[in-house]
Structures are given as structure tokens and as C-alpha cells.
Amino acid sequence: MQAKKTVLVGTLVALPVLIPVGRSMAEEGLRGTLTIGERLRSVSESGFPTPEDEGTSAVTTLNFGLTSENANQQLTLGLSTNIPYFFEDDDTLNSGNTLEDPAARLGYSIENRSSRLTFDTSYRRTDVGTSTFFDETINQDVVSGAGTRTFVSARTGLTLGEDGPVTATLSHDYLRSTYSDTADPTLSDSTTHSLNGRLSFRVTPVASAFVFANWREQDQELATASDSTTQSIGIGGSYEISPVTSVSAQLSYDEDERVNSITSSSASGIGYLFGLRRATSNGAYTFDFSSTETTNGERQEASVGRSLDLKRGSIAFTLGMSRTGDSSFEPLANLDLNYDISETSNISASLSQVSDIDDDDQNTIQTRLNVSYNYEINALSSLSAGLRIANDNELGVGSVDARTISANLSYTREVGQDWGLVSGIQYETEQNDNRADRNTRTVFVGLEKTFNFRP
């Protein structure tokens, strides 16, 4: 373990020299940060057949960031990991991984007056339950249990003619998700590709039209898990009826296919979308109605929304209904809130509910909630709290609900130049109708120091 620590620290220190950003970009603005910390951590678990990280440990935290930018290009690099040392090294309790939660992200963008190219790639490995809250899993099922999950992702985007009468956008997303041998054997490794293209035309100052094509494929390695392919092609447009009122419409041909070792199903048909928006002095009203073909039947959704510009922030919400096939209508709610309670405190919240088909080919309502609160006690100290909930509610006979809940409270205080005291508590619970709840409580306290440099 000591040798691996030495190699990791040496790599982090050498990165500003090894990254091929070039001297010209360094002169335009190359800057980096390195944060090193040491924490005393206590973890207690219940409900797991074999606890993995229970006990007290000393954890070294490493975070490295590098940014290089000029007038039309930007390169960013981020690396982070934790290195735990367990005071009671017991293989039946503690994880055998030398590195905890390693993550790396590389991003690049270049643009001119009418075009933009972006590229972003990342690597992450974390506990299975925690992975539910990642951006990469926003359209995937809630997962829980022991073991770790690893993500490798890449996204490329191209925009041409951004401010012209004709604008073209093209994007490709890749995601590879794998589970460790200690994870639930019913969880399947998967590879997902998404390709989206759109060509927009400004017909008149108040009218525009577009054509689009979308394709998504998810390949799951477990024989009993369904591979899925969805694709659509269509046309649409928007028109400003008045300076404050606009309408939009879209017509598409949709295909949905799901195949596993036992069954296969497919569906195709015409989909449509209609939207109405009316601006006000402090926001807007919206109304949307859509229909899409799925393997479980036609999915119909309708919603009304309101956005408001507040004196100290903003809020936007929608309320709607969704129905797939012959099922009953289910309510849907979405919310985005950002509000400054005072000059020293802020709260933000996001709620997302969507109707989807899960890996068991069941109609599902996916709910994701994220609430965060920050309070600056004084010039030296601050307090923050957060709540995250991910819930999958299956509909119909034999349905199985699954959810993961995470709550945290942390306190930080500056104790010297670039030195900080960090402490906090976190509680996580994983709930599934097929097994007992699994709970994890973490308490930590430590010191960290940040180094800033500009080569």
C-alpha cells in the first residue's frame, strides 16, 4: 500500500509537467490546485450480509485540478481519490481496495463565432448505492447492495452555424458501467451509446423549423436483462404568436425494441408533441402535451408549468400526468429552486419525476430529489447540509419499489492560511421491497490544505 501511495502522490505532483498543454496555453492562463487532507473516519453499517467498511480508519484525501484557457479554447483536468488506512485490517469487514472513490475527468472545448466543439471523458468508481446519484445514471434504475460500480464515459458535441439562419448540432454519448464481483449478481454490466442530431432553420424572425434524429442502444451482459434500442426521426417548428406568446409542435416516427434471452418485444408508431408558452413580467406559463410509442404501449403525458423570477432567486415547477398503455394516469411533478434566504445563506432544490420502462420491462415512475443548504456563519466558518433521494416506483402486478436516501451535515473552518478544519456526518439507507434495509452512518473530522499555482 505504501508503494502505491508514493506512486500516486508522485504522479499528482508531476502532472503540471506531463500534461501536453503547451507553452503558449500556459502563457494564456494555466492554473492548478492541489488539496491534500487527512481525516479520522468512523463507519457503522447494518443490514449488509458482510459489512465492507465498518470501523475506524485514517483517510488521506487527494484532489487535483488543472485549467488552461485562452480566448476560444479551454482544457480542464480533475483527479481525486481517498486512501484509507484501517486500524483493524479485517478482510471480512474492510474493503480490499487501496483507493476509495477514484475519479478522473478530462474536458476540452474550442469555439469561434459560429461553431463549437466539446469533448468530455470521465472515470469513476464508488460504492454501488452511491452510484445512483451520479449524472451518468440519471436515466438508469436505482441500484443497491454491497460492492463497487465503475463508470467510463465520453461525450462529444459539435455545433455549426450557431448564430446563423441554419444551425446544426450533433452529439454522441458513451457509457460503460461495470460491477465488482462482490456486487449483487442480478446487477448487469452494460454499455450505452446515444447519438442525437438536429438541423434548425430560421424561416422568419418569428418562425423556425427543424428536423431531428435520435438513437439510443443499451447492451446488457446479463442474459436475463433486456437489451434495448430506441430511435426516432421527425420534424417540428415554433412560432411566436405575439411578443409574449409562442407555440411549438413536433411530429416523429418512433421505434422501441427490447430483447433478452427469454422474450422480445417491439413497437413503432407516430409520436407528437405540442407546447405553449406565455411570458409574464416575472417569468412564464407553459403547457405541454406529448405522445410516444413504447414496448408497453403508447405513453401520453400532459403538464402545466410556471417559472418565477424572485427577488433573491428563481423557481420553476411543473405539474402533470402520465399514462403508458392501459395503465392508470400517474401524477408527475418537477421543481427547480434557487433562493438566497439571506446574504449568508442559500437553499437549492431540484425534483424530477419521469415515466420510464426499467430493466425488468416494467412501467416505472423515477423520482430524483436533491436539496442543499449552505450557511456562512462568519468569515472563517460555514455550515452545509444536503438531502438526496432516488426512488423507482414500479407499476402493475408484482411491482418492486427501490430507493436510496442520503443525508449529510458538514462544518468547515479556516484555521490558518490555506488550512481548513473539515467535519461532518452522513447517513445513507438503501431500501428494496425484496430485502431488509441497508444502512450506513459515517462520521469524520480532519484537516486539509490547498495549494494554488500558476506555472
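The values are calculated or read from the model by the stated rules, or taken from the named source; none is laboratory data. Keep in mind that what you see is a predicted model, and the values were worked out from it rather than measured. Glycine gets a Cβ as well: all are built from the backbone with ideal geometry, and neighbour counts include every protein chain shown. Accessible surface is based on the protein model in full, side chains and every heavy atom, while ligands, DNA and RNA are left aside. Shrake-Rupley method; radii C 1.70, N 1.55, O 1.52, S 1.80 Å.
Among 324, 318, the order of accessible area from largest down is 318, 324, computed with a 1.4 Å probe on protein heavy atoms. Shape annotation for the stretch 348-455: C-alpha extents along the principal axes are 60, 31, 30 Å, from largest to smallest. Only helical runs count toward this figure. For the chain, summing -39,500 (n - 2.57) over DSSP H runs of n ≥ 4 and dividing by all residues gives -1500 deg cm²/dmol at 222 nm.
The calculated FRET efficiency for the pair residue 439 and residue 163, based on their C-beta separation and a Förster distance of 45 Å, comes to about 0.30.
Applying 0.36 nm per residue to the separation of residue 321 and residue 418 and subtracting their alpha-carbon distance, the gain on full extension is 29.8 nm.
Each of the GluC sites (Glu not before Pro) that DSSP puts in a loop and that has at most 13 other Cβ atoms within 10 Å breaks the chain; the longest unbroken stretch is 89-220.
As a calculated quantity, the FRET efficiency between residue 189 and residue 48 at R0 = 35 Å, using C-beta atoms, amounts to about 0.95. Once the gyration tensor of the Cα atoms in the chain is diagonalised, the equivalent ellipsoid follows with semi-axes of 39, 30, 24 Å, ordered largest first.
Between residue 211 and residue 449, residue separation times 0.36 nm minus the direct Cα-Cα distance comes to 80.5 nm. Computed on the stretch 264-303, the Cα convex hull volume stands at 54 Å³ per residue. Note on residue 172 and residue 219: the extension gain reaches 15.3 nm, defined as 0.36 nm multiplied by sequence separation minus the Cα-Cα distance. Find me the longest stretch of the chain that has none of the exposed chymotrypsin sites (Phe, Trp or Tyr not before Pro), where exposed means in a DSSP loop (not H, G, I, E or B) with at most 13 other Cβ atoms within 10 Å. After excluding every exposed loop site, the longest remaining stretch is 88-328.
Distance from the alpha carbon centroid of the stretch 358-398 to that of the stretch 254-302 works out to 24 angstrom.
Once both labels are positioned 7 Å from their Cα atoms along Cα-to-Cβ, the gap between residue 196 and residue 335 label points is 2.6 nm. Any chance you could give the angle, 0 to 90 degrees and rounded to 10, that helix 2-18 forms with the longest Cα principal axis of the chain? Orientation of helix 2-18: about 60 degrees from the principal axis.
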